[in-house]
Amino acid sequence: MATINDLVLVHVDNKPGFYARIEDISPDVKKGWWHVKLLVLTFPLQVYSWILDDSQVAGAPFTMGGTPLMVEKVESPVIREEPADPQAAPTPGDESAHSARSKVVSLLDRKKEKERS
């Protein structure tokens, strides 16, 4: 079930329509229904407020004005690896936390190098 701050993909007419972030979910006067505020990630940004029931927030299809819609929670494709030993987890600022593959590139230094060239 999607909740506040989740990224969702809204399907319109059974096709991917737009992405949105759930800004707020508050109860409606009718039990089992919710006021869902969506920040629609378009240009310009838009805010939609829909009244949905439990199943619709959880991803069940519904219609609005005769148009089929569905809200699908988006999961990040990035796989986060958890350390096996919580004590071995790197702390911020720990130099050993950076692997040999990672490198911090200063954009300011790159700009200075370009200006010198």
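The values are calculated or read from the model by the stated rules, or taken from the named source; none is laboratory data. Since the model is a prediction, treat every value here as computed from it, not as a measurement. So basically every Cβ, Gly included, is an ideal-geometry build from the backbone, and we count neighbours across all protein chains shown.
Observations, loosely collected:
- Every pair of residues 6+ apart whose Cβ atoms lie under 9 Å, when the first sits in segment 59-80 and is at positive phi while the second is in a loop (DSSP other than H, G, I, E, B) and loosely packed, with under 13 Cβ neighbours inside 10 Å: GLY59/MET1
- Within segment 24-50, the residues that satisfy the criterion of being free of Cβ contacts under 8 Å to residues at least 24 places away in the same chain and loosely packed, with under 12 Cβ neighbours inside 10 Å are SER26, PRO27, VAL29, LYS30, LYS31, GLY32, PHE43, PRO44, LEU45, SER49.
- Qualifying positions in segment 58-93 - modelled with pLDDT under 95, surrounded by 10 or more Cβ atoms within 10 Å (Cβ to Cβ) and of a type outside the set (Gly, Ala, Ser): PRO90
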